[in-house]
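All of the numbers you see were taken from the coordinates with simple rules; none came from a lab. Computed from a prediction, not measured in an experiment: that's the story for all the values here. Here the Cβ positions follow ideal geometry from the backbone for every residue, glycine too, while neighbour counts run over all protein chains shown.
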Amino acid sequence: MIAIVAIAAFVAIVTEGMREMVAKTLERDLSMEGGPVTASIDEHQTLEAIDALLAQMEKNTAAQPQPMLLGRNNERIELPESLLRVLQQIVPHLLQGHALRIVPFHKELSTQEAADILNVSRPFLIGLLERGEVPFVKTGKHRRIRFEDLMAYKKKRDATRREALDKLSELGQEFGLDKYQD
């Protein structure tokens with residue numbers, strides 16, 4: 001999925017297996033300092049209460065007082081609507097145990113960072129770039145990939161894979177292969 005960055009941020013959900021790899025790759029960039037965030041078991045009850053409160057706020061359209069953040073010295077800061085929307089997206093993922101990182105859409109990644117996020121080799125990623133499957137820009141002699149473009153490619157790739165698996169599953173059922181499961 002936490003340091004809240006700008007409104008134009010994207011929450012990247014990183015699987016447990018990729019968490020360390022992505023953290024190592026991206027930790028050099030100051031804007032992504034600190035690595036992915038996961039919720040501890042001790043935080044689960046509080047997160048459930050926050051999730052329930054956010055859901056209640058979303059359902060109740062009647063005029064309500066604006067939620068506030070209470071500081072250590074009892075200073076009160078009104079939470080903007082944009083932050084509430086981000087919390088509504090983040091909290092359920094933390095409850096499910098996902099590791100999260102907030103990455104601005106405009107963030108440009110090196111080819112190695114992008115390859116690590118996709119869990120592919122750098123040469124394979126270069127091939128995707130050269131075939132025009134993932135947009136990039138050149139900064140001097142270096143290629144840079146916008147995080148937003150990388151995630152759009154990943155979403156499309158994942159959808160294609162899901163369709164192929166669904167077709168394989170249908171074929172397996174058609175040929176009676178599902179009868180041989182343990």
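First select every other residue whose beta carbon is under 11 angstrom from the beta carbon of residue 114; then total the charges, Lys and Arg +1, Asp and Glu -1.
+2
Calculate one ³J(HN,Hα) per residue across the range 125-130 by plugging θ = phi - 60° into the Karplus curve 6.51 cos²θ - 1.76 cosθ + 1.60, and present them in order as whole Hz with x for glycine and proline.
4, 4, x, 4, 5, 5
Residue by residue, what Karplus-based ³J(HN,Hα) values in Hz, rounded to whole numbers, does the range 113-120 have, using 6.51, -1.76 and 1.60 with θ = phi - 60° and x for Gly and Pro?
4, 5, 4, 5, 5, 7, 6, 10
Report the relative contact order of the range 107-175, percent, no decimals, based on alpha-carbon pairs under 8 angstrom and at least 6 residues apart.
Answer for the range 107-175 is 31 percent.
If the range 97-182 were replaced by its equivalent ellipsoid, with semi-axes equal to the square roots of 5 times the Cα gyration tensor eigenvalues, what would those be, largest first, whole Å?
34, 16, 11
Round to the nearest 0.05 the FRET efficiency obtained for residue 160 and residue 41 when R0 = 30 Å and r is the Cβ-Cβ distance.
Here the calculated transfer efficiency is 0.25.
Tell me, what HN-Hα J-couplings in whole Hz come from the Karplus equation 6.51 cos²θ - 1.76 cosθ + 1.60 at θ = phi - 60° for each residue of the range 92-102, using x for Gly and Pro?
Coupling constants for the range 92-102: x, 5, 4, 5, 7, x, 6, 8, 10, 8, 9 Hz.
What share of Cα pairs, in percent, lie more than 18 angstrom apart in the range 34-127?
Pairs farther apart than 18 Å: 63 percent.
Rank-order 122-135, 96-109, 140-153 by packing density, defined as the average count of other C-beta atoms within 10 Å over each peptide's residues, highest first.
For the peptides 122-135, 96-109, 140-153, the packing ranking is 96-109, 140-153, 122-135.
Can you list the residues, at least 5 places off or on another chain, whose amide H is less than 5 Å from the amide H of residue 109, using H built in the peptide plane?
For residue 109, the qualifying residues are 145, 146, 147.
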